[in-house]
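Have a look at the structure below before the remarks.
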Amino acid sequence: MLLKELLQTAGKYEISGSDEIEINGIEIDSRKIKDGNAFIAIRGTQADGHDYISKAIELGAKAIICEKLPEKTIEGITYAIFSDTEDAVGKIATTFYGNPTEKLDLVGVTGTNGKTTIATLLYNMFRAFGYKAGLISTVCNYIDGEAIPTEHTTPDPITLNQLLGRMADEGCKYAFMEVSSHSVAQKRIGGLKFAGGIFTNLTRDHLDYHKTVENYLKAKKAFFDGLPKTAFALTNADDKNGMVMVQNTKAKVATYSLRTMADFKGKVLEDGFEGMLLDINNTEVNVQFIGRFNAYNLLAVYGAANLLGKKPEDILLQLSTLRPVSGRFDSLRSPEGYTAIVDYAHTPDALTNVLDAIHDVLKGRGKVITVVGAGGNRDKGKRPIMAKESVRQSDKVIITSDNPRFEEPQDIINDMLAGLNKDEMKKVVAITDRKEAIRTACMMASQGDVILIAGKGHENYQDIKGVKYHFDDKEIVREIFSN
C-alpha cells in the first residue's frame, strides 16, 4: 500500500520525504521490523518508541511515523509527523488491513467482571447458529475454529486489526471481543467500527494504571461514547454505573436486569452446583451455570443475541446447551464428597460474587474453605480488601501466592494480612507455596464442603521474576484427588 493511502484516515500530519513509497507492513515493535515496513513510534508506559527509530531503520524500515523528527534524519527515509501517534496507530492499522470491521459485525464487551464469559458464550452461540465467528479474549483468540494464543485481554492495534482482517478474509460474519479499560485509554480500538457494546459492571480494578475509580469509569464510558448510532449499547441496569455508561452514547440503548424493569429481565428460580433454572422475559430455561453473577452474564448474552436479530426461542435453546468458560466457576467433585471450585476471581467484587454463589447453593450445609492470593506489580489497594472479603464469607482461608511477578510473594501476603484484625486472623493460614496451599485446603475439607481456589482460573502458569512456570490449579486438584 502507498504510504499516502495508509495515512489518509489517520488525521493531520506533516511529511518529510516522499509519501508515494510502497509500504509492505506496519509495526510498533522495532524488533519485528522487516525490509519495506513502516515503524510507528509510540510513547508507551514502559518505553518510548522514539528511542528505537534508528534500530527500526537499521532493520529496513522505509517510513517512520512519529511525533517529532529525530535529531538526525536519514536520507531516503520518509518521516510522517503526527501530534499523537497513539491516536493514529489504530486508524493506520485498520486501513492497512482493509477496514475489517466494515465486513463483519464486531461486538465489544467491557466491565470489571464477566467480559470473558459473555464474549466467549456469544462466540459459541453464533457458531452453533451456523455462522463463522471470531473471538478476542483473555483466555484465547479464535478465528472460527482456529485457536490463536493471547497475551493481553485486548491486543495492540496492529495485532488486533491483523486478527480482525483474517477473520473477515476467512468469512467470519461476527466477531466478539473483550474491551479492557487499558485498551480504551491507550486507543488500541481506534479506527474499529462496532456493531454493539455490552457493559457488565464496574468495581475496583486496575487502579495501579488508572489511579482513581473515576478515571477507570471514564475509560469504560469512552467506549460507549464512541459507538456509532447504527450500533446497540446494552447495559446492566442493576449496576450503579450502568446508565452512566450510556448517557452520552449515540447508539441504541437497551438494558438487562435481575432486579428492575428492563428490556431483558431475568429471575433465578432454582440453583445448584449442576446449574440454574432461570426465567428470562417470562420463559423458563435450564442452564449449566451457577450463581447470580452468571445469571447476569447469560442475560447479557440473551440481550445481545436479540439485538443482533436472533429469535428469542432460538437463543433460549442455545443458552440451555452452553457450558461455562474454562476457569470460570469450574467445579470438580472429590472422591471424598467435597467440591473444589477453580475460578479466575482476582478482584474483591469477583470474589464476593463467587462466594455468594457458593453460599446460595450450600445454604449452610457445609464449610467454605478459600484459597486466595493477589497478583504482584498490580493494584496493591485491593489486597487487604480481598483478604477481608475471603474471611467474611469463609470458614477457613489460606492466603498464598498468585502471580508474584517481580514482587516477593511474602510481601504480597503481608499486604493482604494487613487488612485483618486479631479475630479474623484466627480463620487464616498463610502458605506461600500455592500447590501446598491447595493440598492443605483439601486435607481440611470433609464431605459436603466447598473449596474455592481463586485468582488464576484458566491460567496454566505462575509468573515469577519474569519467567512463566507451568502451574494449573485444576491439574493440581485432580492430582490431589487421584492420590
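Go through (1) under 16 Å from residue 84 (Cα atoms); (2) touching a residue at least 40 places away in the same chain (Cβ under 8 Å) and name the single condition residue 19 misses.
(1)
Just to check your reading of the model, which residue among 88, 63 is more than 26 Å from the chain's Cα centre (by Cα) and crowded, with 22+ Cβ neighbours inside 10 Å?
63
What residue, among those in the stretch 29-60 that are touching a helix residue (DSSP H, G or I) at 6+ places or on another chain (Cβ under 6 Å) and part of a loop (DSSP other than H, G, I, E, B), is most open to solvent (accessible area, probe 1.4 Å)?
42
Kindly indicate which of 216, 142 is of a type in the set (Phe, Trp, Tyr), more than 13 Å from the chain's Cα centre (by Cα), crowded, with 17+ Cβ neighbours inside 10 Å and at pLDDT 90 or above.
After ruling out the rest, the residue left standing is 142.
Can you pull out every residue in the stretch 169-187 that is modelled with pLDDT of 80 or more and crowded, with 20+ Cβ neighbours inside 10 Å?
172, 174, 175, 176, 177, 178, 179, 180, 184
Give the residues of the stretch 370-393 that are surrounded by fewer than 24 Cβ atoms within 10 Å (Cβ to Cβ) and either of a type in the set (Ser, Thr, Tyr) or over 27 Å from residue 339 (Cα atoms) (or both), sorted by residue number.
376, 377, 378, 379, 380, 381
I need the full set of residues from the stretch 448-483 which are in contact (Cβ under 8 Å) with a residue 40 or more places away in the chain, surrounded by fewer than 22 Cβ atoms within 10 Å (Cβ to Cβ) and assigned to a loop (DSSP other than H, G, I, E, B), in order please.
448, 458, 459, 465, 466
Filter the stretch 269-293 for residues that are buried (at least 19 other Cβ atoms within 10 Å of the Cβ), within 19 Å of residue 353 (Cβ to Cβ) and either among the hydrophobic types (A, V, I, L, M, F, W, C) or touching a Leu at 6+ places or on another chain (Cβ under 8 Å) (or both) and give the result.
271, 276, 278, 287, 289, 290, 293
Hey, can you tell me all the residues within the stretch 97-123 that are hydroxyl-bearing (Ser, Thr, Tyr), in contact with a Lys or Arg (Cβ under 6 Å, 6 or more places away or on another chain) and crowded, with 24+ Cβ neighbours inside 10 Å?
Matches in the stretch 97-123: 110, 117.
Return a yes/no flag: does the stretch 445-460 have any residue that is within 14 Å of residue 371 (Cβ to Cβ) and more than 28 Å from the chain's Cα centre (by Cα). Working first, answer last.
At the first step, the residues of the stretch 445-460 found to be within 14 Å of residue 371 (Cβ to Cβ) are 445, 449-457.
Subset that is more than 28 Å from the chain's Cα centre (by Cα): 445, 449.
Taking every residue of the stretch 445-460 in turn, at least one turns out to be within 14 Å of residue 371 (Cβ to Cβ) and more than 28 Å from the chain's Cα centre (by Cα).
Among the numbered criteria (1) open to solvent by 10 Å² or more (accessible area, probe 1.4 Å); (2) over 24 Å from residue 359 (Cα atoms); (3) out of contact with any Phe, Trp or Tyr (no Cβ under 6 Å at 6 or more places or on another chain); (4) not β-branched (Val, Ile, Thr), which one does residue 258 miss?
Condition not satisfied by residue 258: (2).
What about residue 266, is it in contact with a Ser or Thr (Cβ under 9 Å, 6 or more places away or on another chain), outside any strand (DSSP E or B), open to solvent by less than 10 Å² (accessible area, probe 1.4 Å) and not polar (S, T, N, Q)?
The answer is no for residue 266.
Consider the stretch 360-370. How many of its residues are within 20 Å of residue 288 (Cβ to Cβ) and at pLDDT 95 or above?
Step one: of the stretch 360-370, the residues within 20 Å of residue 288 (Cβ to Cβ) are 360-362.
Adding the requirement that they be at pLDDT 95 or above leaves none.
Residues that pass the stated criteria total 0.
How many of the residues making up the stretch 104-134 are under 15 Å from the mean Cα position of the chain (by Cα) and under 15 Å from residue 297 (Cβ atoms)?
16
Which residues, taken from the stretch 71-85, are surrounded by 16 or more Cβ atoms within 10 Å (Cβ to Cβ) and either without any contact (Cβ under 8 Å) to a residue 40 or more places away in the chain or aliphatic (A, V, I, L, M) (or both)?
If the condition is that a residue be surrounded by 16 or more Cβ atoms within 10 Å (Cβ to Cβ) and either without any contact (Cβ under 8 Å) to a residue 40 or more places away in the chain or aliphatic (A, V, I, L, M) (or both), then 77, 80, 81 are the ones that fit.
Here is a list: 411, 423. Which entry is over 25 Å from residue 290 (Cβ atoms), open to solvent by 10 Å² or more (accessible area, probe 1.4 Å) and within 28 Å of the chain's Cα centre (by Cα)?
Matching residue, one of 411, 423: 411.
Mind listing whichever residues of the stretch 369-405 are more than 25 Å from residue 466 (Cβ to Cβ) and touching a Gly at 6+ places or on another chain (Cβ under 7 Å)? Reasoning before the result, please.
Going through the stretch 369-405, the residues more than 25 Å from residue 466 (Cβ to Cβ) turn out to be 369-370, 384-385, 387-398.
Answer for the stretch 369-405, where residues must be more than 25 Å from residue 466 (Cβ to Cβ) and touching a Gly at 6+ places or on another chain (Cβ under 7 Å): 384, 385, 387, 388.
The values are calculated or read from the model by the stated rules, or taken from the named source; none is laboratory data. Note that the structure is predicted; figures quoted are calculated from it, not measured. Cβ sites come from the backbone with ideal geometry, for glycine too, and all protein chains shown count toward neighbours. Keep in mind that these areas ignore ligands, DNA and RNA; they rest on the heavy atoms of the full protein, side chains included. Shrake-Rupley method; radii C 1.70, N 1.55, O 1.52, S 1.80 Å.
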